[in-house]
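Asks: One structure is given below, represented as structure tokens, and several questions about it will come after.
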Amino acid sequence: MAESVAGGSADHSPDPSRRDFIHIAVVAAAAGGVAAIAWPFVDQMNPSSDTLALSSIEYDVSKVPLGQQVTVLFRKQPLFVRHRTPVEISKARADDHADLRDPATDESRVKPGKDQWLILIGVCTHLGCTPTFGGGEWGGWFCPCHGSQYDTSGRIRKGPAPKNLAVPDYAFETDTKIKVG
Amino acid sequence: MSGPSSYEPKTAIERWLDSRLPIVRFGADLMDFPTPKNLNYWWTFGGILAFCLGTQLVTGVILAMHYDPSGAGAFNSVQHIMRDVNYGWLIRYIHANGAAMFFLAVYIHIFRGIYYGSFKAPREVLWLIGAAIYVVMMATAFFGYVLVWGQMSFWAAKVITNLFGAIPVIGPSLATWIWGGFTVDAPTLNRFYSLHYLAPFVIAALVVLHIWALHVPGNNNPTGVNVKSKSDTLPFHPYYTVKDGFAVSVFMILFAVFVFYMPEAMGHVDNNIPANPLATPAHIVPEWYLLPYYAILRAVPDKLMGVMALAAAVVCIFALPWLDTSRVRSMRYRPQARLYFIIFVFDCLLLGLCGAHEPDEPFIRGLTGFQLLDGDITSYLWVSRIASLYYFAYFLLITPILGLRETPLPAPESISTPVLAHPAAAPAGAAAAPEKKG
């Protein structure tokens, strides 16, 4: 090292830009190689194919009595199937234009003509707990973890959760049978 | 690491080894390390922490021999350890309570560092490595807690991993990546087991760096005054090996009280119910050592801001060397700082208390005030907000401003001065420095 300082670079590398090019090329090739091999090591942690294959379920909603809820396992998460009473529906509709954190009409959260069936992912949008049925000031759900409260349309009304309980992709296959996912 | 080595190989074998791998010299120099002679018992927590790490490593490796990290088998294998494995109950209780003891010791160690200004120049890197150890410890404890795969384990995993989901844009895919599925599930348990086994070795490596960074400037001491001469120090062995050894023994008594007489005192009964993804326990709280952060998280009504406040609470610890403007290290000579520090310690305990209670509960039973925004003014919600404010004010306002404005008491000339000035040191000379006689 001392020699190159003393002797100057002219003796060893007549064209400095050529040496720079080799340095940059080597570093770039090494960085590209590391990035290419790093991706499999990162991606292995993403959901595996068999996990992704658990995509859809079917459920007969007529099994849910009026005013009650059944919790079904959907993609390893709770799925709420709630059979709402007319009072619960009208309470939800009455609040359509209230001061909502995540505005949505009750109609947009159910299928047309199936107002009594509210199908929701039972995961609190705050930190993922499962809210308890019927709790809170609005009679929808109450999350025991941090006190989020949802109304009878599953809309967030109070507490730290930012969003309404999510409505999954689903469709009525027959009058009473739904396919979720 | 330290100054010139005083080790002299005595046998031919030692001389032969010393010129090839000077490992005996390395150990001898560690034992001979000049240590301030006025270190009090708050300084024994380093040794206690080394003991805790060793305990967790030994018991953890043994538990791994009997544990099954599969989603279907994890919970049952923990019961198998508790009921069937010879002394499995003992080893698991040592490991589970050992985590709590580890945190007890690390909190005392951190508070000691704050009180005596052990983070100030030239020990900033030492402090940063220590803070990094603390963060890895929290991650390790969390991974370990999940492995039991009971209800509290499962929902703790759910809440903590969902914190990452709060990050804008990348949050949801980051959470999915951590889970290996649509939510916390068997793949999550598997990877947490792998990481729980890895993390202690990361801690051990950081501890080596921590001790290295300690041995460059040497120990701070209760006066905060730099070591001026050799008469201010004692060799680490036998003086501090014995003092640390005594402290570890006392600590082990407390440890044993928990292991043998109240092993479930810090656990939650709900964790004896197998993980159920459909039902959240009615009251979920983290382990006691994470409660202050939990209180800060809940004090903020917005999801992302709550998570950011939680992260900021940890970042404050890292930033402390650059937030403290006082040139006096030890709060012994900073009466005002000492007062704010004592309030800070109680504030952290208060935050812990808040974290253990529901936000809507009244702070004092039967007491109700008036509704302020989203909660009663006398509820834990508002107490935790006030306590969180003090937490951040201590780091971001009090510490920087006080260092510039306060009038500290005069610090002693050297480590020896206050010892010699003490009435107990009279008659001067004879009894004051018995170690110099030999």
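Bear in mind that the values in this text are calculations on the coordinates, not laboratory data. Here the structure is a predicted model, which means the values were calculated and not measured. Every residue, glycine as well, gets a Cβ built from its backbone with ideal geometry; the counts of neighbours run over all protein chains shown.
Asks: Rounded, prolate or oblate: which fits segment B:1-63, taking a ≥ b ≥ c as square roots of the Cα gyration tensor eigenvalues, rounded meaning a/c under 1.5, else prolate when a/b beats b/c?
Replies: Oblate is the answer for segment B:1-63, as a/c is 1.5 or above yet b/c matches or exceeds a/b.
Asks: Take the Cα coordinates of chain B, assign each an equal point scatterer, and use the Debye formula without solvent to give log10 I(q)/I(0) at q = 0.05, 0.07, 0.08, 0.11 Å⁻¹.
Replies: For the requested q values the scattering log ratios are -0.22, -0.43, -0.55, -1.00.
Asks: Using amide H atoms built 1.01 Å from N in the peptide plane, name the residues 5+ places from residue A:132, or on other chains, whose amide H lies under 5 Å from its own.
Replies: A:142, A:143
Asks: Between the helical axis of B:151-165 and the dominant principal axis of chain B, each derived from Cα atoms, what acute angle in degrees is found, rounded to the nearest 10?
Replies: Orientation of helix B:151-165: about 80 degrees from the principal axis.
Asks: If you don't mind, there's one more thing I want to ask. Among residues other than residue B:156 whose Cβ falls under 14 Å from its Cβ, what is the net charge (Lys/Arg +1, Asp/Glu -1)?
Replies: Working: positive: B:158; negative: B:270, B:287.
Neighbourhood net charge equals -1.
Asks: Further question: Using the count of nearby Cβ atoms within 10 Å as a rough guide to exposure, how do A:45, B:331 rank from fewest to most?
Replies: Listing A:45, B:331 from fewest to most nearby Cβ atoms yields A:45, B:331.
Asks: To the nearest whole number, what is the average tally of beta carbon atoms from other chains within 10 Å of the beta carbons of peptide B:170-182? Before the final figure, lay out the partial values.
Replies: On the way: counts 0, 0, 0, 1, 0, 1, 3, 6, 2, 5, 6, 9, 11.
Partner Cβ neighbours, averaged per residue: 3.
Asks: Regarding segment B:285-407, what whole-number volume in Å³ per residue does the convex hull of its Cα atoms give?
Replies: So the per-residue Cα hull volume is 123 Å³.
Asks: What residues qualify as long-range amide H neighbours of residue B:372, i.e. H under 5 Å apart, gap of 5 or more or another chain, H built at 1.01 Å from N?
Replies: B:377
Asks: For segment B:80-193, take N as its residue count and report Rg(C-alpha) divided by 2.2 N^0.38 Å.
Replies: Details: Rg = 17.8 Å, N = 114, 2.2 N^0.38 = 13.3 Å.
Normalised Cα radius of gyration, segment B:80-193: 1.34.
Asks: Relative to the first principal axis of the alpha-carbon coordinates of chain B, what is the inclination of helix B:380-393, with its axis defined by its Cα atoms, in degrees from 0 to 90 and to the nearest 10?
Replies: Approximately 30 degrees, to the nearest 10.
Asks: Still on this structure: Going from the alpha-carbon gyration tensor of segment A:126-169, what semi-axes, largest first and in whole Å, does one get by taking the root of 5 times each eigenvalue?
Replies: The equivalent ellipsoid of segment A:126-169 has semi-axes of 13, 12, 9 Å.
Asks: Can you give the average number of partner chain beta-carbon atoms within 10 Å of each beta-carbon in peptide A:120-132, as a whole number?
Replies: 6
Asks: From the gyration tensor of the Cα coordinates in the protein assembly as shown, what semi-axes in whole Å does the equivalent ellipsoid have, largest first, with each one equal to sqrt(5λ)? Please report the intermediate quantities before stating the final value.
Replies: Values: eigenvalues 558, 205, 139 Å².
Over the Cα atoms of the protein assembly as shown, the semi-axes work out to 53, 32, 26 Å.
Asks: Starting at the first residue of segment B:312-321, write each ³J(HN,Hα) from the Karplus equation 6.51 cos²θ - 1.76 cosθ + 1.60 with θ = phi - 60°, in whole Hz, x for Gly and Pro.
Replies: 5, 4, 7, 4, 4, 5, 4, 7, 3, x
Asks: Local charge sum around residue B:386 (other residues, Cβ-Cβ under 14 Å, Lys/Arg +1, Asp/Glu -1)?
Replies: 0
Asks: Here is a further query. Highest mean first, how do B:355-362, B:228-235, A:119-126 rank when packing is the count of other Cβ atoms within 10 Å averaged over residues?
Replies: Descending packing order for the listed peptides: A:119-126, B:355-362, B:228-235.
Asks: Quick check: the distance between the Cα centres of segment B:196-214 and segment A:129-181, to the nearest angstrom?
Replies: 45
Asks: Another question, if that's okay. Where does the Debye-calculated log10 I(q)/I(0) of chain A sit at q = 0.09, 0.16, 0.20 Å⁻¹, using only Cα point scatterers of equal weight, no solvent?
Replies: -0.48, -0.97, -1.30
Asks: Here's a follow-up. Can you tell which of B:155, B:115, B:165 lies farthest toward the positive end of the dipole of the protein assembly as shown, using +1 and -1 charges on the Cβ of basic and acidic side chains (Lys, Arg; Asp, Glu)?
Replies: Positive-end residue among those listed: B:115.
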